[in-house]
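The values are calculated or read from the model by the stated rules, or taken from the named source; none is laboratory data. Keep in mind that what you see is a predicted model, and the values were worked out from it rather than measured. Neighbour counts run over all protein chains shown; Cβ positions are idealised from the backbone, glycine included. Ligands, DNA and RNA are stripped out before the accessible areas are found, and what is left, the full protein with its side chains, is counted by its heavy atoms. Shrake-Rupley method; radii C 1.70, N 1.55, O 1.52, S 1.80 Å.
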Amino acid sequence: MVPIHLKQPWKLPEQQVTPEEVYLKRRDFLKTMGRASLGAAALLMLPPGLSRLWAATNDTPSSPLLTPSSESTVSRYNNFYEFGTVKDRIWKLAESLNTGGWQIEVGGLVRKPQMLDAEKLIRKMPVEDRIYRLRCVETWSVVVPWTGFPLKVLIDQLEPLSGARYVKFTTFLDPNIARGQRSRFWEPWPYTEGLTLEEATHDLTFVATGIYGHSLPPHHGAPLRLVVPWKYGFKSIKSIVKIEFTKEEPETFWQSVSPLEYDFPANVIPHQPYARWHQEFERIPGQKGTVKTKLFNGYAKQVAHLYK
Ligand code: MTE
């Protein structure tokens, strides 16, 4: 199918796309962050002034946190907690995720509850390219070229009922292959996320089925994942198996794990206080220093009205 290229004001020029090898290198960067995770956890116990100082100190370009690691490490590094916290093994372990015959259950307050066959769905949906910024709550950011379709197109076909106000998404549950799901520390599995129906049907909200011109590999959330560019990356849930329309705000994975740290909207609002570090700057893997984080990750014009 020929990709449709829509001219939209939020479109990023292709020059701004993070090259694939740089995009992968951010995993190395994260590994370095991981080494500091004990310190990060301890931050929760520090008074706000001190934690800000810690974060500011670690923002300097000469900080060891920014020291690049080897490429072999980088290419085996991912953020997919189902496959554990040993980040340089996740890429490999995620390969065991068999996406053949993948089914997505649609239910709740919807006129057409059904089981969707992922492969058929991907073939039938319109294909679009979207170049989006991705801003992680861990303070790194990248620019990623996705392929997929707007979630709104699917939601319109499913026909939510008038009482539906939220959409809940669920990732697969299979502790036999995703050993991270055996961990009591990260309960409750499976990973869930949610959006208001208004957010879910916003033009920017995207279902990614491909990345860098090829289909989505397991570690990026095959066969399909959400991409919500004005929210922190954890809202962009991977490997979805269930979509539910609800009246009440659904509880999400990270809210259950750490309610003081994560809120439901999780919009990128740099000046909003955050429990562990400040969010005013972000690091771009492969570049020195930091840049200022943009309100709503640069998509304020498109989404600010949703929160007035
Ligand atoms: N989805 C699931 N199911 N499990 C996860 O651990 N991590 C989130 C998000 N989606 C995660 C997930 C986080 S914290 C981020 S930053 C992005 O995925 C990272 O996506 P990427 O690894 O494809 O860049």
Residues GLU282, GLU261, GLU248, GLU199: which one is assigned by TED's automatic domain parsing to the domain that holds LEU93, of a type in the set (D, E, K, R) and over 18 Å from the mean Cα position of the chain (by Cα)?
-> GLU248
Just give me the residues in the range 107-132 being among the hydroxyl-bearing types (Ser, Thr, Tyr) and at pLDDT 95 or above, in sequence order.
-> none
Scan the range 163-184 for residues that are within 13 Å of GLY84 (Cα to Cα) and among the polar types (S, T, N, Q) and report the count.
-> 3
With (1) within 14 Å of the ligand (Cβ to nearest atom); (2) among the basic types (Lys, Arg); (3) in contact with a helix residue (DSSP H, G or I) (Cβ under 7 Å, 6 or more places away or on another chain) as the list, and ARG165 as the residue in question, which single condition is left unmet?
-> (1)
What residue, of GLY221, GLY213, GLY233, is assigned by TED's automatic domain parsing to the domain that holds CYS136, touching a Cys at 6+ places or on another chain (Cβ under 8 Å) and not hydrophobic (A, V, I, L, M, F, W, C)?
-> GLY233
When the range 245-265 is checked residue by residue, the ones that are away from the ligand (no atom under 13 Å from the Cβ) and assigned to a loop (DSSP other than H, G, I, E, B) are LYS247, GLU248, GLU249, PRO250, GLU251, PRO259, LEU260, ASP263, PHE264, PRO265
Of all residues making up the range 190-221, the number that are more than 9 Å from the ligand (Cβ to nearest atom), modelled with pLDDT of 95 or more and assigned to a loop (DSSP other than H, G, I, E, B) = 5
Condition broken by LYS242, with the remaining ones in (1) over 22 Å from TRP146 (Cα atoms); (2) assigned to a strand (DSSP E or B) satisfied | (1)
Test THR147 against the stated conditions and say whether it is more than 18 Å from LYS231 (Cα to Cα), in a strand (DSSP E or B) and either among the acidic types (Asp, Glu) or open to solvent by less than 50 Å² (accessible area, probe 1.4 Å) (or both).
-> yes
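Is it the case that VAL228 is crowded, with 21+ Cβ neighbours inside 10 Å and either within 13 Å of the ligand (Cβ to nearest atom) or at pLDDT 95 or above (or both)?
Against the criterion (crowded, with 21+ Cβ neighbours inside 10 Å and either within 13 Å of the ligand (Cβ to nearest atom) or at pLDDT 95 or above (or both)), VAL228 qualifies.
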Exclusive hit being at negative phi and in contact with a strand residue (DSSP E or B) (Cβ under 9 Å, 6 or more places away or on another chain), set ILE211, ILE177 = ILE211
Return a yes/no flag: does the range 158-175 have any residue that is open to solvent by 50 Å² or more (accessible area, probe 1.4 Å), within 19 Å of ILE104 (Cβ to Cβ) and either in a helix (DSSP H, G or I) or not assigned by TED's automatic domain parsing to the domain that holds SER239 (or both).
-> no
Members of the range 65-106 that are modelled with pLDDT of 95 or more and surrounded by 16 or more Cβ atoms within 10 Å (Cβ to Cβ) | LEU97, THR99, TRP102, ILE104, VAL106
Residue check: is ILE237 assigned to a strand (DSSP E or B), open to solvent by less than 30 Å² (accessible area, probe 1.4 Å) and of a type in the set (A, V, I, L, M)?
-> no
Hey, PHE245 within 27 Å of GLY108 (Cβ to Cβ) and buried (at least 20 other Cβ atoms within 10 Å of the Cβ) or not = yes
